[in-house]
Amino acid sequence: MQALRIAVFLFFATLCNAAAAQPLYSIAMHGDPALPADFKHFPYVNPDVKKGGRINYGVVGTFDNLNPFILKSMRTTARGMWDPEYGNLVYDSLMVRSSDEPFTLYGLLAQTVEWDDSRSYIQFNLNPKAKWSDGQPVTPDDVIFTFQLLRDKGRPNFSKPLKTVSKIEKVGEHSVLIHFNEEADRETPLIVAMFPILPKHVIDVDSFERTTLDIPVGSGPYRVKSIDPGLRIVFESDPNYWGKDLPSKIGFDNYDEIAVNYFLQDTALFESFKKGDIDIYPDGSPGHWRQAYNFPAVDSGAVVKETFTPKKPSGMLGFVFNTRRPIFADKKVREGLTLAFDFEWLNRSLFSSAYTRTQSYWQNSDLSSFGVAADARELTMLGPIKDRIDPDVLDGSYKLPVSNGSGRDRSILRETVKLLKEAGYTIQGEKMVDKTGRQLSFEILTQNPEQERLAFPYRRSLALLGIAVTIRTVDDSQYQLRTSNYDYDMLIKSYPSSLSPGIEQVGRWGSVAAKTPGYNNFAGVADPDLDTLIDHFLTAHSSDDFRDAVRSFDRFLISGYYVVPLYHIAQQWVARRSHIGHPDTLPLYGYYLPTWWDASAQK
């Protein structure tokens, strides 16, 4: 009887292993893909759109590089090469993410994939039709070459995940099998599935880390047509693009030409939009959105204002403390300075009360801890780390103070003084000083007039307490250099959030990123407990475990006072020239420019 039970167990184990190795058309971080295997296109595209025409985008900044995969000049690489907003125009990835699901991938260069339940490996089965723009086929050797190259010479967001690969090998004529080591997590296979694949036959490994303006060979829907360094880059549609009929590409890449134009200031960009030289202007300012569109093109209908309401979480915009600086090492100092910011005055005086105060990194979603008490399940997950989370954050009663809107609410300012006193500061001679008599002072690094506009009232509030604040606005190249090297006291940054946070949080909050230039750990946090909390949601199996893990992470960030929270708004505002069209269906994460088109091309 025992032998029979063993035989039955082995039989079913064999079936399970065989099922795990079946080729999959799609993979999801949690749960199952929303679309069936025979899906024809994503639900948020227009599958019948007539392609053609052109689009003119505008951005603030400059560029000196066409290689988006290296650390050098990574913040001055031409937009569109590998771009979450405009699309990956030149290079294809193995799989592509759906904008209508939290984290689900569908086939692109990889026609199907195979993996096991523990995600210890993933096999990519390449589409035999995949080709480079010079006509050469995309091969398993290209995949292996790319992963080794990006592991050794790529930017940290590429190199770090690839260091979890223990072995990579070619399988048959069209497949690549990747094994992961113990440092990988459940998200890692999905992350590498979204990496670009580069052509082995044209890349010089020795010069890969240098900036370049040489026209690259890619496998994507566009090729670089022309370059005006620092000012303009133009992409042209590849008529022989191999993937144009794939379900994951139907309704995308609808222009014959895409131009990205660069401006020194946003005011110049907007003026260009008003004249008709730029076709789309995403607007993030309530005052500007309400007051700046009184020009003839709006009256005639040549410019259309539209509001979109996505279902994504709020993210976090705020003043970021660089905790590498000794003045911000004490949590009491950060907490006190956070309370001193008068959001109510700012919102009423500058934005006609259009904004909502942000209280959580995932506000407006089920992943947020705001207003939610940690239940027994989450407390167990937190373990002893729960003792480092503020009690009101843990029980869901936390809320930032609401001022009287005067810009000098005495009760709140008194609380700030109390917290600073606990950190060793006192007011002497109208100055907030430490035990040595040194005044509490710091610099806010800003990038543009809009950021200055936020910093000025904050400086005024802090001056009431004898705190000296300098505001320094620098040009884009200097700003990128200083932020890449973490050379600032405080700056204003946005932390976008998704319904499937993952490895990007390591770059924002992980200990290694705090000490490595080029990451996005702007706050300089290096905390083993925070690393543990990140690991919790990276390794979560069930949706419930994942939700609780993100909530715990959210609570820790809030309790740490690493950012002075600003505001958010539920809508997305976009002004466009009337000939630019878009699908009727809005995806989960909001409007998606790669699915828009030039309606004048259909006439």
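Points to keep in mind about this one:
- Test set (1) farther than 22 Å from Gln359 by Cα; (2) aliphatic (A, V, I, L, M); (3) outside any strand (DSSP E or B); (4) at pLDDT 95 or above - Leu481 fails condition number: (4)
- Enumeration of residues in region 232-253 that are within 25 Å of the chain's Cα centre (by Cα) and farther than 19 Å from Pro128 by Cα: Arg232, Ile233, Val234, Phe235, Gly251, Phe252, Asp253
Matching residues to (1) in contact (Cβ under 8 Å) with a residue 12 or more places away in the chain; (2) within 21 Å of Thr77 (Cβ to Cβ); (3) over 23 Å from the mean Cα position of the chain (by Cα):
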residue: Gln447; (1), (2), (3): yes, yes, no
residue: Gly466; (1), (2), (3): yes, no, yes
residue: Leu481; (1), (2), (3): no, yes, no
residue: Ser498; (1), (2), (3): yes, no, no
residue: Val506; (1), (2), (3): yes, no, no
residue: Trp509; (1), (2), (3): yes, no, no
residue: Leu530; (1), (2), (3): yes, no, no
residue: Leu533; (1), (2), (3): yes, no, no
residue: Ala540; (1), (2), (3): yes, no, no
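- Residue count, region 425-445 (criterion: in contact (Cβ under 8 Å) with a residue 12 or more places away in the chain and in contact with a helix residue (DSSP H, G or I) (Cβ under 9 Å, 6 or more places away or on another chain)): 8
- For Asp206, the criteria (1) within 30 Å of Val506 (Cα to Cα); (2) at pLDDT 95 or above; (3) touching a Gly at 6+ places or on another chain (Cβ under 7 Å) hold in every case but one, which is (3).
- Filtered by the rule that a residue be outside any loop (DSSP other than H, G, I, E, B) and among the charged types (D, E, K, R), region 448-478 gives Glu450, Glu452, Arg453, Arg459, Arg460, Arg472, Asp476.
- Restricting region 476-491 to residues that are of a type in the set (Ser, Thr, Tyr) and touching a Lys or Arg at 6+ places or on another chain (Cβ under 7 Å), the residue that is nearest to Ala514 (Cα to Cα): Tyr486
- Meeting the requirement of 1 or more residues that are among the hydrophobic types (A, V, I, L, M, F, W, C) and outside the structural domain of Asn448 (by TED's automatic domain parsing), no helices (runs of 4 or more DSSP H) wholly within region 489-564 can be named.
- Among residues of region 300-316 being touching a helix residue (DSSP H, G or I) at 6+ places or on another chain (Cβ under 9 Å) and crowded, with 17+ Cβ neighbours inside 10 Å, the one that is farthest from Ala513 (Cα to Cα) is Val303.
- Residue that is surrounded by the most Cβ atoms within 10 Å (Cβ to Cβ), among those in region 263-297 that are under 18 Å from His582 (Cβ atoms) and β-branched (Val, Ile, Thr): Ile278
- Residue under evaluation Asp598, criteria (1) surrounded by fewer than 22 Cβ atoms within 10 Å (Cβ to Cβ); (2) within 30 Å of Lys50 (Cβ to Cβ), criterion not met: (1)
- Residues that are crowded, with 20+ Cβ neighbours inside 10 Å, of a type outside the set (A, V, I, L, M) and under 17 Å from Leu440 (Cα atoms), drawn from region 453-488: Tyr458, Ser461, Gly466, Tyr488
- Scope region 29-88; condition aliphatic (A, V, I, L, M) and more than 15 Å from Thr212 (Cα to Cα); matching residues: Met29, Ala34, Leu35, Ala37, Val45, Val49, Ile55, Val59, Val60
- Residues that are over 20 Å from the mean Cα position of the chain (by Cα) and not acidic (Asp, Glu) within region 516-528 comprise Ala526, Pro528, listed in sequence order.
- Subset of region 42-64 (residues that are part of a loop (DSSP other than H, G, I, E, B) and either within 25 Å of the chain's Cα centre (by Cα) or acidic (Asp, Glu) (or both)): Phe42, Pro43, Tyr44, Val45, Asp48, Gly61, Thr62, Phe63, Asp64
- Residue among Gly524, Gly510 that is of a type in the set (Gly, Ala, Ser) and more than 20 Å from Leu382 (Cβ to Cβ): Gly524
- Options Leu177, Leu126, Leu162, Leu105: the member that is surrounded by 20 or more Cβ atoms within 10 Å (Cβ to Cβ) and more than 30 Å from Tyr44 (Cβ to Cβ): Leu162
- Just one of (1) at pLDDT 95 or above; (2) exposed (fewer than 13 other Cβ atoms within 10 Å of the Cβ) fails for Asp366. It is (1).
- Condition broken by Ser300, with the remaining ones in (1) hydroxyl-bearing (Ser, Thr, Tyr); (2) over 16 Å from Trp509 (Cβ atoms); (3) in contact (Cβ under 8 Å) with a residue 60 or more places away in the chain satisfied: (3)
The values are calculated or read from the model by the stated rules, or taken from the named source; none is laboratory data. Not measured: the values here are computed from a predicted model. Please note: Cβ atoms are built from the backbone with ideal geometry, for glycine as well, and neighbour counts cover all protein chains shown.
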